[in-house]
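Inspection log for the structure reproduced underneath, given as structure tokens.
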Amino acid sequence: MSQTTQKVAIVTGAARGIGGATALRLAQDGYAVAALDLREASCVDTVATITEVGGRALAVGADVSDAEQVQTAVERVATELGAPSVLVNNAGITRDNLLFKMSEQDWDAVMGVHLRGAFLMSKACQSHMTAAGWGRIVNLSSTAALGNRGQVNYSAAKAGLQGFTKTLAIELGKFGVTANAIAPGFIATEMTAKTAERLGMSFDDFKASAAAKIPVARVGAPDDIANAVSFFASEAAGFVSGQVLYVAGGPRT
Ligand code: NAD
């Protein structure tokens, strides 16, 4: 596809996990992909994988909670790859603790990456999307939005992202831009591996105990989420907006 007609997607938190799989999937769908993460160097593997399958990709370093870095990163993507028309707000962190032990820093850090990050990235990208009259924003929520012990900060941020998504859908719809959220259940990534570590369990035991409670009897893989992103980003999903899709191996609503 020629550089001028190829659509451009930005995936945040694309160095690994769900973001890495999503970046590759969107490249396979025909997008030029900006793989954005805290450090540019950490996106080298994602970019190499995309290039190996014949795709076009750019590694971008930025902290999504920093307005200046976000602005610079989005401008760089627009210059080097083209105006972004798909944004996947995937970057995320956990800072788990029970409410009575949770520090203000852990509350603010989680709000900063998930909510402030999605806000800043969406604000920086929307001008490109509305100018083109076409855009797709996909936000990563979580089943934790429904409540999860030890995650008062994370569940509040993930529930907040659902309201954010619905409002984006209402405001941007007339410009050809849709916004949807995906709420994954248990996905095997470094994030869940770290949770196992914090709980003093092996990752295999943690996955097995999670799978025992999941109707499809397995934990999720990053590709399970990348597939859902691929649908929301597609032309075919143009009449789907403001929705939250639980991708959790069973109903979680
Ligand atoms: P992960 O920890 O494997 O990857 C997250 C990536 O985000 C990392 O590469 C990290 O460097 C990056 N990141 C963190 N803070 C950043 C910042 N300020 N700026 C830019 N990049 C930053 O996590 P994952 O499991 O792949 O999760 C991806 C998303 O899916 C997150 O939003 C997470 O909350 C959500 N999610 C994950 C699960 C799960 O079970 N793994 C379930 C529900 C939702």
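Which residues, taken from region 85-102, are farther than 14 Å from V64 by Cβ and open to solvent by less than 40 Å² (accessible area, probe 1.4 Å)?
Scanning region 85-102 gives S85, V86, T94, D96, M102.
Answer yes or no: is there a residue in region 227-236 that is open to solvent by 40 Å² or more (accessible area, probe 1.4 Å), within 15 Å of the ligand (Cβ to nearest atom) and assigned to a loop (DSSP other than H, G, I, E, B).
No, that holds for no residue.
So is G61 of a type outside the set (A, V, I, L, M), more than 23 Å from G238 (Cβ to Cβ) and within 14 Å of the chain's Cα centre (by Cα) or not?
No, not satisfied.
With respect to V152, determine if the residue is aliphatic (A, V, I, L, M) and open to solvent by less than 30 Å² (accessible area, probe 1.4 Å).
No; evaluated as a whole, the condition is false for this residue.
Please indicate, with yes or no, whether at least one residue in region 162-183 is surrounded by fewer than 18 Cβ atoms within 10 Å (Cβ to Cβ), under 22 Å from the mean Cα position of the chain (by Cα) and within 11 Å of the ligand (Cβ to nearest atom).
no
Among the residues of region 30-53, write down those that are surrounded by fewer than 18 Cβ atoms within 10 Å (Cβ to Cβ) and touching a Ser or Thr at 6+ places or on another chain (Cβ under 6 Å).
Matches in region 30-53: none.
How about region 189-203: which of its residues are near the ligand (Cβ under 7 Å from one of its atoms) and not charged (D, E, K, R)?
Those that are near the ligand (Cβ under 7 Å from one of its atoms) and not charged (D, E, K, R): T189, M191, T192.
Would you be able to say whether some residue in region 193-209 is open to solvent by 20 Å² or more (accessible area, probe 1.4 Å), in a loop (DSSP other than H, G, I, E, B), among the basic types (K, R) and modelled with pLDDT of 95 or more?
Among the residues of region 193-209, not one is open to solvent by 20 Å² or more (accessible area, probe 1.4 Å), in a loop (DSSP other than H, G, I, E, B), among the basic types (K, R) and modelled with pLDDT of 95 or more, which makes the answer no.
Considering only region 44-53, I want to know if a residue exists there that is hydroxyl-bearing (S, T, Y) and touching a helix residue (DSSP H, G or I) at 6+ places or on another chain (Cβ under 6 Å).
Yes, the conditions are met somewhere in region 44-53.
In region 125-139, which residue that is open to solvent by 10 Å² or more (accessible area, probe 1.4 Å) and touching a residue at least 40 places away in the same chain (Cβ under 8 Å) is farthest from the ligand (Cβ to nearest atom)?
G133
Which pairs have Cβ atoms under 7 Å, sit 6 or more apart or on different chains, and link a residue in region 180-198 that is closer than 13 Å to N90 by Cα to one that is of a type in the set (S, T, N, Q) and more than 8 Å from the ligand (Cβ to nearest atom)?
N180/T165; N180/S241; N180/Q243; A181/N139; A181/Q162; A181/T165
Could you list, ordered by first residue, the pairs with Cβ atoms under 6 Å in which the first is in region 109-122 and assigned by TED's automatic domain parsing to the domain that holds G92 and the second is assigned to a helix (DSSP H, G or I) and away from the ligand (no atom under 11 Å from the Cβ), at least 6 apart or interchain?
As it stands, the answer is V110/N153; L115/G160; L120/A67, since those pairs meet every condition given.
Here are K174, K194: which of them is of a type in the set (K, R) and not assigned by TED's automatic domain parsing to the domain that holds M129?
None of the other options fit; the residue is K194.
Can you say whether I214 is in the same structural domain as L26 (by TED's automatic domain parsing), within 12 Å of the ligand (Cβ to nearest atom) and not hydroxyl-bearing (S, T, Y), as far as the supplied structure shows?
No, not satisfied.
The values are calculated or read from the model by the stated rules, or taken from the named source; none is laboratory data. This one's a predicted model, so the numbers in the text were calculated from it and none came from an experiment. All Cβ positions, glycine included, derive from the backbone under ideal geometry; neighbour counts span all protein chains shown. Each accessible area value is taken on the protein alone, full model and side chains, heavy atoms only, with ligands, DNA and RNA left out. Shrake-Rupley method; radii C 1.70, N 1.55, O 1.52, S 1.80 Å.
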